[in-house]
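Here is the structure we will look at.
Please treat every number below as a calculation from the coordinates, not as lab data. From a predicted model like this one, the values you see are computed outputs, not experimental measurements. Don't worry about glycine lacking a Cβ; one is built from the backbone with ideal geometry, like all the others, and counts go over all protein chains shown.
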């Protein structure tokens with residue numbers, strides 16, 4: 001089976017969308033599929049093309065059996081609605097053009113942003129192939145939740161586009177049960193929606209001793225390290241964490257690693273607060289992620305307090321759990337249910353300073369609780385093995401493809417036109 005996958009994030013970018021797309025596609029190649037990913041020059045989240053890459057009109061490479069086509073796009077930092085929209089639209093347009101020249105049996109387009117899904121839909125029309133919409137975030141609702149967009153004409157238009165795309169896709173694959181309930185509650189048939197959650201590659205993320213060189217470099221010896229590794233964005237409420245950090249126990253040290261739209265503001269806040277118990281580091285290559293996770297005792301996973309974030313499951317939960325790092329979670333809803341079900345950490349109410357400090361003290365001081373959380377992490381990681389989840393999604397795609405050929409070939413119009 002030939003699969004065309006449209007995603008504007010792909011390695012060497014290290015965010016959750018890039019990891020999910022790559023890891024699924026790599027597994028599908030092992031299962032015998034021919035995969036082509038259309039993406040752009042790696043630039044997230046700084047909005048600068050990575051060293052060794054150029055923002056060219058069209059370039060081909062290969063990664064672990066995956067054919068990767070990078071197209072030109074207008075590149076901007078992950079901030080500012082107008083420039084980001086231009087960024088999204090330019091990639092979507094170029095991805096659509098590139099897709100016209102790629103032979104495929106099935107198209108997968110992943111959101112956010114869902115202009116990528118528009119490309120998938122248009123490509124499916126021109127190529128007479130069915131397409132699957134993967135939904136990793138409820139966009140545009142999530143951007144309204146962080147006050148990046150107001151409820152006006154543009155927002156309502158995007159919502160109408162969102163529902164239109166759900167209806168036009170052959171299947172909608174979402175990453176949480178809550179997403180499925182949301183979509184079905186808005187008129188999308190539940191039978192059309194499949195849930196394939198995020199997970200972790202257990203062969204890459206395994207428990208290991210703290211990297212001694214990095215411990216010495218960042219002066220972490222004897223510290224209880226609470227680590228946040230990921231995008232420093234508007235949704236993550238890291239300013240709240242910095243404000244609360246000054247009241248943390250003396251031996252607790254916070255390690256922030258990553259970049260994003262709010263990084264500069266957070267660095268300024270860190271300086272103003274004169275926090276000696278917080279170290280801020282720029283994003284590190286994917287190959288170094290496990291070494292930095294090894295420095296931590298607890299994984300911090302916060303989001304802003306908003307109803308829309310009750311539906312999400314941050315992927316960093318699974319990577320840290322696989323390395324037996326208990327989760328200090330500031331997310332309500334489905335994420336909280338997972339942590340509590342597996343006993344894999346402590347949960348605090350998002351942006352509640354008192355509750356945050358209480359749960360931090362609990363996971364820091366109560367060694368019996370901490371060790372129980374590590375045991376829970378092992379069970380959690382085993383149940384969210386990325387290989388199992390990739391196999392599940394491949395089964396969904398295979399079943400669509402099986403019916404695809406019959407439905408199209410029984411049409412005289414299709415037989416006359418020929419397959420692309």
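Summary of computed values
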read-out: Model label zone, residue 181; criterion: amide N under 20 Å from point 7 Å along Cα-to-beta-carbon; scope segment 328-369; value: 330-343, 347-350
read-out: Residue 392/residue 126 FRET efficiency (R0 35 Å; Cβ-Cβ; nearest 0.05); value: 0.75
read-out: Using distinct alpha-carbon pairs, which all enter the 1/r mean, Kirkwood radius of segment 152-199 in Å; value: 11.3
read-out: Cα-based helix-to-principal-axis angle, 353-365 vs the chain, degrees rounded to 10; value: 70
read-out: Cα-only Debye scattering, segment 15-72: base-10 log of I(q)/I(0) at q = 0.24, 0.27, 0.28 Å⁻¹; value: -1.02, -1.16, -1.20
read-out: Between segment 230-273 and segment 274-348, the alpha-carbon center distance in angstrom; value: 14
read-out: Theoretical FRET efficiency, 1/(1+(r/R0)^6), r = Cβ-Cβ of residue 217 and residue 246, R0 30 Å, to 0.05; value: 0.80
read-out: Two-site label geometry, residue 368 and residue 2: point separation in nm, points 7 Å out along Cα→Cβ; value: 6.3
read-out: Degrees, to the nearest 10: 386-409 long Cα axis against longest axis of the chain; value: 10
read-out: Pair residue 291, residue 355: separation of 7 Å Cα→Cβ label points (nm); value: 3.8
read-out: Helix 16-30 axis, angle to the chain major axis (alpha carbon atoms, nearest 10°); value: 60
read-out: Relative contact order (percent, whole number), segment 212-383, Cα cutoff 8 Å, 6+ residue spacing; value: 21
read-out: Distant alpha-carbon pairs in segment 212-383 (separation over 25 angstrom), percent; value: 25
read-out: Contour minus Cα-Cα distance for residue 190 and residue 273 (0.36 nm per residue); value: 25.0 nm
read-out: Distance (nanometres) between label positions extended 7 Å along Cα→Cβ at residue 284 and residue 163; value: 4.6
read-out: Stretch gain in nm, segment residue 204-residue 307, where the contour uses 0.36 nm per residue and the Cα spacing is subtracted; value: 33.8 nm
read-out: Length released on extending from residue 50 to residue 383, taking residue separation times 0.36 nm less the Cα-Cα span; value: 116.4 nm
read-out: The chain, relative contact order in percent, only Cα pairs under 8 angstrom and at least six apart counted; value: 14
read-out: Modelled FRET efficiency - R0 35 Å, residue 156 with residue 265, Cβ distances, 0.05 increments; value: 0.75
read-out: Average silhouette area of the chain, convex hull of alpha-carbon atoms, in square nanometres; value: 20.0
read-out: Computed Rg/Rh of segment 40-94, alpha carbon atoms with Kirkwood Rh; value: 1.00
